[in-house]
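Below: one structure, written as structure tokens.
The values are calculated or read from the model by the stated rules, or taken from the named source; none is laboratory data. Note that the coordinates shown come from a computational prediction; the quantities given were computed from them, not determined experimentally. Note that we place each Cβ from the backbone using ideal geometry, even for glycine, and neighbour counts take in every protein chain shown. In case anyone asks, the SASA skips ligands and DNA or RNA and just uses the protein heavy atoms, side chains included. Shrake-Rupley method; radii C 1.70, N 1.55, O 1.52, S 1.80 Å.
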Amino acid sequence: MFVDYKFSKYLIHHKKTYNSYFSDFQMGLMDYIQKGLVKFSKFQRENLFLMIIIILLVTGFFAIGITRVEIESDFDELNPKELPVTKLDRRVSKMFGTSEGIVILVEIDDEIDSDNIPVDIREPEVIEFLVRLENNLREESIIEDVRGLSNVFTQAGMPVPPSLDGVKNILSQVPEIGQAISSDYSFTVIFISANIGSENEKIKSANSRIDEIIRLSTPPSGIKTTVTGDPALGSLLFDLLISDAFRVLILASIFIFILLIITERSLRRSAVIMIPLMFGLSWTLGILGWLGIPITVGTAGLSAMLLGLGVEYSIFLNARFKEESKKRNVEESLELAVSNIGTSVLSSGGTTAIGFFALAFSIFPVLSDLGISLGSGILMLLAATIGVGPVVVLMDDKIFNFFENVNSKRTVVKKDDKKKKQDSFLQKIFLGYGRFVSRNALLVFILTLIFTFIMFFGLQQIKQTDFDFETVLPNDLKELQAFFKIEDEFGETSGIKVYIYLDPAYTDSDEPVDIRDERVLRYIDILTEKSRNLDYSVSVSSVSEVIKSEYGMIIDKDAIDKEVFDSAKDLINSDYTGTFISINLDERAEDDSQEVVRQVNEIIENTEKPSGIEARTIGALAVVVEQNNVIGPDSSKTSLISLVLIIIFLYILTRSIRSTFLPLTTVILGVIWTLGVVGFARVPFNSITSSVITMTIGIGIDFGLQLMNRYDYELRFYDKKKAMEVSIGNLLFPMISTVIAALVGFRAMNLGDLKLMADLGTTISIAITVSMLASVTGVASLMVLLQRKKRVRKNIQITVKKLKRKKPSKRLVK
């Protein structure tokens, strides 16, 4: 995440020996990367206006891609599609037409204090309104079916009685009406089946038309209505994704820009740092559009995350340029800055990008898209830092250099002198901490182990949460509150189903070929009765219950009237090849979902079924359980892939086993500490926030890598304790600065309306903070403990003597 730009300061005056030092220090591809950046920097300097044209053309290409970016608010598209229960549940939902349903909550407005408003939702004037509303809805071409309290009167063609007692008498003869009216008679529900698809514009158009129909149906005074359901909530999520994406981007940019002004003490230099970031973000959105990756609840905070992670690249490039420009002209300073800082930036950013790209192997589409988006974003920010950053610096020098005068230069010197004094004070503090760690390495390492052991207890406190509208949308939305009210009353979202269907393998046999076969109905009846004994079971509905309520027992299908099966059309499909048992559970079942699903599966396994018949558990609860069961293995898989890819990448760069594996200690501690803090802090943990494990690998390895590289360099001149003291003393400030900048970007995600985005920002903030702390405590102490006391000092002394004898070139001396 951060880059140390001081470690090669001593060597830049000795051009011939520098490459050998660098190759000795960062073996492998690093030397080739540095040489390539030197040539690229010269090309930028000599072809400035050509570079501007190239940058504008590239930006134009990505700008076209931005217009292709889509918003995805359908939860079904964000969850795994290949899980067996999920696939079957979707197939059944399409078969029974329950995948898209609009719900209208009609309730008594308890905020109105008047004697003239209804006190019972069954009042005749309310029923008359419901009848008018149903008739008006059925006239719309997109409306396929309307089910509710008014069906009792419209289907029978009877008028609404003038008294409440008359309405009660009629409704009492329809037991099923309890599924559409609350137990305290304060509200009722209208279920609408509509052919509106999943496009947001069609959903919004349908919702607007339904609102207009409700208004034209003239609801009585004291009655309020709310349109809710999955399509309505999905449309709200779509709007929030757009607003939050822009809001978080603007706020994160403002906060980071203010932070840069404070740290840089210059509006001009802050702008020079921010401009490449803006190019990098626009390129990222463009490549998402060209790749067809949508903006989802997982990627809505993408801009803030990238700003927090990528601002360091531009900061360090400009910091090195500023340092070198005190001794050289602009062109030479920029060449040195790009060649040295660019090399470290590419290796540092490469490890982070690999960690993110590993999420592409997740079975959760939302995590896969998040990983590709973040990985692509890091690469675009690296490209903008190396490609756009130097051009901006050169343009800044050409434009503003003319307006500088002697007085302003004197002012800058005074400010710089003041800043040097402050930096010297901080340097003493950081060196003091480094001295403590190096001299008390064993104590620090023991304390690290104790803290890690405590974090294991926090890790056990983590609880999986569902990935649904409740965990994503803000609770104060009236549509979501209506959804919760219906859910609490009727418990549909806490339900589980047993789907019974004909096994295609038996279609040519003499086994049942119709779900209405008496043997199948008796099997369904046995499952129904056993399901009543489940924990948290409230009610059970099945086709066998409908038949028993009509005939008192299960009989042969030929003796059953067709109207009886028609009345159970919501439980049995049109070709009679499948049916399901609907088990309604109370709200406690959600907290013990694993046990509920286990009990249902146990009932299915222990009940003998007719040949040619299969039974499977489906429903919202079963899908959630299956997804929760794969979150852990899926997270472990992506984490392992990330780890392996980073190990390969590091070994290719360094050609050293020690330099490859020692920084991984930061990853191990960072992951454990992150999960521990998440558990203790009760941060919601679901399929989205679980991705932080893989992210921590990409982020944490960066801290460990930079500390190890600096420590290896200092060992050339000091003993192992002094080397760690100097390393921490020089690295702690850029570490803290990087973490603060990242936290500013991540915390901006908490200012959006989407709860999930805030939870993700909190989790990543924890990860980056503890990873930094792990590197300067446990990892630093471990490096000291494992380092041999004697280093190859003789070779260093010989090399230093050679450097002293060698005269630097006249050009570099100038």
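Run through the range 522-599 and list the trypsin sites (Lys or Arg not before Pro) located in a DSSP loop whose Cβ has at most 15 other Cβ atoms within 10 Å.
Filter output for the range 522-599: ARG532, LYS569.
Could you order SER186, SER567 so the one with the most accessible surface comes first? Probe is 1.4 Å.
Descending accessible area places them as SER567, SER186.
In the neighborhood of ILE250, defined by Cβ-to-Cβ distances under 15 Å, what is the net charge if each Lys or Arg adds +1 and each Asp or Glu adds -1?
0
Carbon and sulfur: what percent of the range 101-228's accessible surface (1.4 Å probe)?
Here carbon and sulfur together make up 45 percent of the probe-accessible area.
Tell me, what is the percent relative contact order of the range 702-762, built from C-alpha pairs under 8 Å that lie six or more residues apart?
For the range 702-762, the relative contact order is 21 percent.
Could you put LYS202, LYS327 in order of accessible surface area, largest first, with the 1.4 Å probe and the full protein assembly present?
LYS202, LYS327
Past 30 Å, Cα to Cα: identify those pairs from LYS463/LYS485; LYS478/LYS637; LYS463/LYS497, in the order given.
LYS478/LYS637
Rank SER611, SER541 by accessible area, highest first, at a 1.4 Å probe radius?
Heavy-atom accessible area, descending, gives SER611, SER541.
Nothing charged except the Cβ atoms of Lys and Arg (+1) and of Asp and Glu (-1): what's the magnitude of the dipole of the range 101-228 about its Cα centre? Round to the nearest 20 debye.
The dipole of the range 101-228 has a size of about 420 debye.
Once you've got the Cα coordinates, tell me which of LYS428/LYS721; LYS42/LYS720; LYS168/LYS224 are over 27 Å apart.
Over 27 Å apart, Cα to Cα: LYS42/LYS720.
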